[in-house]
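Structure, as structure tokens:
The values are calculated or read from the model by the stated rules, or taken from the named source; none is laboratory data. Since the model is a prediction, treat every value here as computed from it, not as a measurement. Cβ coordinates were reconstructed from backbone atoms using ideal geometry, including for glycine residues, and neighbour counts include every protein chain displayed. Calculation scope for accessible area: heavy atoms of the full protein, side chains included, ligands and nucleic acids excluded. Shrake-Rupley method; radii C 1.70, N 1.55, O 1.52, S 1.80 Å.
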Amino acid sequence: MALLRRDSLGTGQLLRLVLLHTAWEVGSGQVRYSLPEESKQGAFVGRLAQDLGLEVSELVSRMFRMVSKGRGDYFEVNLQSGVLFVKSPVDREEVCGQSPLCAIDLEVIVDKPLRIFHVEVEIQDINDNAPVFPVNEQNLGIAESLTLPGSRFPLEGAFDADIGTNSLLTYKLSPSEHFTLDVTANDDQIKSAELELKKSLDREETPVYRLFLTATDGGKPKLTGTVQLMITVLDVNDNAPVFNQSVYKVQMLEGSANGTLVIKLNATDLDEGIYKDITYAFSSLVPPHIKDTFKICEYSGEIRVKGKMDFEYINLYEIQVSAKDKGNPPLAGHCKVVVEVLDINDNAPELTITSHSLPVPEDAPPGTVVALISVSDRDSGDNGKVTCSIPPDLPFQLVSTFKNYHSLVLAEAVDRERVSEYKILVTARDEGAPSLSASSSILVPIADVNDNAPAFPQPVYTVFVKENNRPGAHLLSVSASDPDVRENAFVSYSVVERSVGEQQPVSSYISVHSESGHIYGLQPFDYEELQALQFQVSARDAGFPSLCGNVTVQLFVLDENDNAPAVSPPASGRGSPGPELVPLSAGAGHVVGKIRAVDADSGYNAWLRYEVQEAGAAGPFRVGVYSGEISTTRALEEADGPSQRLVILVKDHGEPALSVTATVSLSLLESPQAVKWDSRQRVGSEGPLVDMNVSLMIAICSLSGLFVLVIVVYVGLRCLSGPEVMCGPGKATVVCSSEVGSWSYSQRQSRNLCVGEGTAKNDLMVFSPNFSDSAENGEHEKLQVAQWA
């Protein structure tokens with residue numbers, strides 16, 4: 001029947017109803033459409049993608065989805081065209097009942113970026129329900145002769161499930177000479193139909209009257225419903241009970257306890273005797289749900305609560321009550337009790353997290369949407385007003401988007417290295433008294449981004465390595481840390497390439513393991529070629545883009561005693577090679593000559609000592625322990641022979657000591673004149689040289705002391721956390737600790753100087769040896785000058 005009625009609508013009117021929809025609501029982001037109920041499957045609703053400002057081609061890639069909020073799955077979107085159409089017909093009365101506004105709320109969610117749209121489809125009522133009477137036949141009993149014309153008898157009205165004009169009813173009674181229909185409307189525009197007696201009845205003439213009451217609604221086309229009135233003419237009792245008012249209005253709080261008094265009714269009967277006794281009862285037409293909620297005492301007329309009253313389920317009850325006397329036949333009076341249910345705050349808010357965008361990158365900008373939250377409360381008024389909150393001191397905030405919808409957004413920048421995840425307690429609280437609340441937790445993990453470069457624990461690493469190290473030997477280890485995670489924290493090490501010396505790359509000397517940071521020597525170091533090497537090690541993570549940090553490594557090469565002393569070839573005083581000439585008249589202490597030797601090492605390894613190796617205990621010659629000068633120990637005698645051959649042992653102070661021997665030939669002459677030239681030449685050449693050496697030694701001592709002081713201060717600052725500086729009389733030694741062990745080395749200083757006539761630039765090494773109290777030959781030399789030719 002409903003389909004036939006819809007087909008009867010004009011084509012123009014149906015098109016107008018289908019295409020009717022509203023534009024965006026200002027500031028709410030909502031799209032609203034209107035649709036007649038019972039529209040067929042596949043009926044066009046609206047171009048949803050276009051109205052939301054979305055590209056149809058991006059619906060699939062942005063994971064377009066639509067969710068209906070608790071009203072059933074009535075609509076669907078074509079992802080190829082973006083058109084919203086009817087998936088299954090909507091029965092407005094089934095979905096919304098008698099609510100004046102019926103709308104189905106839809107949520108449209110898209111990703112990249114995450115957005116939510118609110119779509120409201122208003123279901124418009126059509127006249128698809130005819131008026132319906134509670135029963136097919138209503139029975140009335142009216143006493144003959146005693147019932148005067150003008151008497152009224154209430155009739156049960158019809159009900160139309162539609163709303164608005166479609167539910168406005170008009171009543172019509174079939175023609176009768178005894179009865180007429182009187183219809184009245186109360187303040188709520190609810191019409192009541194009463195049967196009015198126009199002419200006295202005569203039971204003997206007509207015991208029963210059958211009339212038809214027709215209800216017609218205001219829809220187009222109009223629909224009707226009919227009930228048959230069976231009127232029985234009664235005899236005897238002529239006064240019916242009467243209530244003091246026809247309608248009683250009562251307000252009750254929902255959730256009132258069973259047995260709570262609603263109202264006490266009172267009806268009176270002017271008859272006497274048993275005809276005055278009245279009993280109260282609900283009308284036979286009262287719906288079952290009213291009988292389940294209320295009860296009436298048949299003798300006192302008290303109506304009490306029997307079941308649960310829930311404002312959210314039913315907020316208004318209309319109860320038809322009759323009062324009958326005990327006449328034969330009994331007469332009845334009627335009234336209506338309207339019970340209005342008042343809302344109390346008995347429903348806690350409901351909180352739902354409808355969507356997530358997790359985890360949140362730590363470089364996400366403020367305003368990034370983390371989650372969408374919807375709250376609702378079934379109560380009304382202030383009891384249904386809900387506020388949503390999160391704890392303070394969090395980098396998040398709630399932003400109200402639409403009605404009871406909130407977005408949890410990022411309020412400020414987050415740092416995963418400081419806090420890796422947040423547990424956010426969202427609380428929804430209504431404004432009732434007392435207020436009720438509901439809570440839900442959201443765990444928001446923070447995703448790592450590569451925002452931290454690897455860092456070394458110290459800016460400089462210092463290591464001391466002995467020369468002649470084994471190729472591939474481990475020198476030290478460096479380590480950098482990165483507070484990021486996974487690949488962003490995976491650190492690889494490399495050497496920052498640069499040239500050393502004569503375009504020698506750093507990588508030719510050392511290498512670093514890319515994963516462990518171990519630094520290895522690729523070749524043996526030679527102190528005589530390279531005393532210090534400074535380079536940088538880079539630590540780079542595996543993030544994108546990768547970040548790096550550098551550290552400086554200072555490598556000091558320590559000298560080893562790997563060079564034996566070398567003796568310079570002697571030269572004759574006459575300017576030609578040959579044996580040294582010594583006069584027999586020379587006395588004790590006469591200087592014959594000097595052994596000159598050099599050691600390529602430094603420090604104690606280059607400190608030379610001279611000894612006569614093959615001379616007997618009573619030999620006439622000796623050599624200065626540290627000076628190398630050959631002199632006589634006593635006056636020469638003829639018994640010493642015409643010549644002497646001395647073997648001089650030259651050794652250093654290294655461990656183990658290295659040595660070399662030199663053979664010196666001496667010729668003993670009787671005539672002093674033979675060597676007179678030698679003495680003169682010695683006076684002319686050795687005198688100025690000795691004076692110059694004295695001045696040079698004073699200058700070198702001053703410079704050496706200053707250099708030692710600078711080195712001690714420098715090493716002390718570098719090794720502040722671990723190195724120890726020890727100084728003693730006549731000795732300056734620095735001991736430093738590092739990953740490769742503890743090493744000691746003597747402070748030294750090299751200078752290029754010109755000494756004497758015709759001499760080339762000489763390397764002079766000045767150091768302070770530690771002498772024992774009993775130095776050989778009684779010499780207490782404090783400085784050793786080794787002249788390298």
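Mind telling me which of the residues Val399, Val409 ends up being modelled with pLDDT of 90 or more and open to solvent by less than 30 Å² (accessible area, probe 1.4 Å)?
Criteria check complete, one pass: Val409.
Give the range 254-288 a look and list any residue that's at pLDDT 90 or above, in a loop (DSSP other than H, G, I, E, B), of a type in the set (A, V, I, L, M) and open to solvent by 50 Å² or more (accessible area, probe 1.4 Å), or say none.
Listed by number, the list holds a single entry, Ala257.
Scan (1) touching a His at 6+ places or on another chain (Cβ under 9 Å); (2) within 18 Å of Gly327 (Cα to Cα) for the single condition Arg203 breaks and write down its number.
(1)
For the range 215-251, which positions are more than 22 Å from Ala323 (Cβ to Cβ) and assigned to a strand (DSSP E or B)?
Taking the range 215-251 and keeping what is more than 22 Å from Ala323 (Cβ to Cβ), we get 215-228, 251.
Matches in the range 215-251: Ala215, Thr216, Thr224, Gly225, Thr226, Val227, Gln228, Gln251.
Quick one: which strands (runs of 3 or more DSSP E) sit completely within the range 568-632 and have at least 3 residues that are modelled with pLDDT of 85 or more and either under 60 Å from the mean Cα position of the chain (by Cα) or surrounded by 15 or more Cβ atoms within 10 Å (Cβ to Cβ) (or both)? Explain how you work it out, then say what you get.
Details: elements: 580-583, 591-594, 608-612, 621-623, 629-632.
Those strands (runs of 3 or more DSSP E) span 591-594, 608-612, 621-623, 629-632.
Tell me, which strands (runs of 3 or more DSSP E) wholly within the range 342-454 include 1 or more residues that are touching a strand residue (DSSP E or B) at 6+ places or on another chain (Cβ under 9 Å) and closer than 30 Å to Ala489 by Cα? Please lay out each step first, then the result.
Values: elements: 350-356, 369-376, 386-389, 396-402, 405-410, 421-430, 437-447.
In the range 342-454, the matching strands (runs of 3 or more DSSP E) lie at 350-356, 369-376, 396-402, 405-410, 421-430, 437-447.
Condition check: of a type outside the set (Val, Ile, Thr), touching a helix residue (DSSP H, G or I) at 6+ places or on another chain (Cβ under 9 Å) and either in a strand (DSSP E or B) or at negative phi (or both). Does Lys308 satisfy that?
Here the answer is yes, as Lys308 does meet what is asked.
If Ser546 passes every condition in (1) modelled with pLDDT under 90; (2) not in a strand (DSSP E or B) but one, which one does it miss?
Only one criterion is unmet by Ser546, namely (1).
Looking at (1) buried (at least 19 other Cβ atoms within 10 Å of the Cβ); (2) under 30 Å from Arg378 (Cβ atoms); (3) not basic (Lys, Arg), which one does Tyr461 not meet, given that it meets all the others?
(2)
Inside the range 63-86, can you point out the residues that are in a loop (DSSP other than H, G, I, E, B) and surrounded by fewer than 17 Cβ atoms within 10 Å (Cβ to Cβ)?
If the condition is that a residue be in a loop (DSSP other than H, G, I, E, B) and surrounded by fewer than 17 Cβ atoms within 10 Å (Cβ to Cβ), then Met63, Lys69, Gly70, Gly72, Asp73, Leu79, Gln80, Ser81 are the ones that fit.
Any idea which residue in the range 331-356 is farthest from Thr293 (Cα to Cα), counting only those that are polar (S, T, N, Q) and surrounded by fewer than 17 Cβ atoms within 10 Å (Cβ to Cβ)?
That would be Thr354.
May I ask you to say which residue of Ile104, Ile116 is part of a strand (DSSP E or B), open to solvent by less than 10 Å² (accessible area, probe 1.4 Å), in contact (Cβ under 8 Å) with a residue 24 or more places away in the chain and not polar (S, T, N, Q)?
It is Ile104.
Taking only pairs six or more apart or across chains, which ones have beta-carbon atoms under 9 Å, a first residue in the range 544-558 that is over 21 Å from Arg498 (Cα atoms), and a second residue that is of a type in the set (A, V, I, L, M) and assigned to a strand (DSSP E or B)?
Leu558/Val465
Would you please name the residue that is most open to solvent (accessible area, probe 1.4 Å), looking only at residues in the range 158-189 that are over 30 Å from Val233 (Cα atoms) and not in a loop (DSSP other than H, G, I, E, B)?
Looking at residues that are over 30 Å from Val233 (Cα atoms) and not in a loop (DSSP other than H, G, I, E, B), I get Thr165.
Considering only residues that are of a type in the set (A, V, I, L, M, F, W, C), in contact (Cβ under 8 Å) with a residue 60 or more places away in the chain and within 18 Å of Ser435 (Cβ to Cβ), which ones fall in the range 376-409?
none
Checking the structure you have, find out if any residue of the range 21-39 is surrounded by fewer than 17 Cβ atoms within 10 Å (Cβ to Cβ), at pLDDT below 85 and closer than 19 Å to Val86 by Cα.
Yes.
Would it be correct to say that Lys291 is of a type in the set (D, E, K, R), assigned to a strand (DSSP E or B) and surrounded by 13 or more Cβ atoms within 10 Å (Cβ to Cβ)?
No, not satisfied.
Looking at Gly150, Gly141, can you tell me which residue is assigned to a strand (DSSP E or B), closer than 30 Å to Gly327 by Cα and either open to solvent by 20 Å² or more (accessible area, probe 1.4 Å) or charged (D, E, K, R) (or both)? Walk me through how you get there before you give the answer.
On the way: Gly150 fails: assigned to a strand (DSSP E or B).
Of the residues listed, the single one that is assigned to a strand (DSSP E or B), closer than 30 Å to Gly327 by Cα and either open to solvent by 20 Å² or more (accessible area, probe 1.4 Å) or charged (D, E, K, R) (or both) is Gly141.
Determine, yes or no, whether Ser192 is open to solvent by less than 50 Å² (accessible area, probe 1.4 Å) and out of contact with any Phe, Trp or Tyr (no Cβ under 9 Å at 6 or more places or on another chain).
yes
When both residues are 6+ apart or on different chains and their Cβ atoms are under 8 Å apart, which pairs have a first residue that lies in the range 410-439 and is within 19 Å of His356 (Cα to Cα), and a second that is among the polar types (S, T, N, Q) and open to solvent by less than 50 Å² (accessible area, probe 1.4 Å)?
Leu410/Thr368; Leu425/Ser440; Val426/Ser440; Ser439/Thr427
Can you pull out every residue in the range 515-532 that is at pLDDT 90 or above, open to solvent by less than 50 Å² (accessible area, probe 1.4 Å) and of a type in the set (A, V, I, L, M)?
Ile519
Is it the case that Asn328 is in a loop (DSSP other than H, G, I, E, B) and either in contact with a Ser or Thr (Cβ under 7 Å, 6 or more places away or on another chain) or open to solvent by 50 Å² or more (accessible area, probe 1.4 Å) (or both)? Explain how you work it out, then say what you get.
Details: in a loop (DSSP other than H, G, I, E, B): yes; either in contact with a Ser or Thr (Cβ under 7 Å, 6 or more places away or on another chain) or open to solvent by 50 Å² or more (accessible area, probe 1.4 Å) (or both): yes.
It is true that Asn328 is in a loop (DSSP other than H, G, I, E, B) and either in contact with a Ser or Thr (Cβ under 7 Å, 6 or more places away or on another chain) or open to solvent by 50 Å² or more (accessible area, probe 1.4 Å) (or both).
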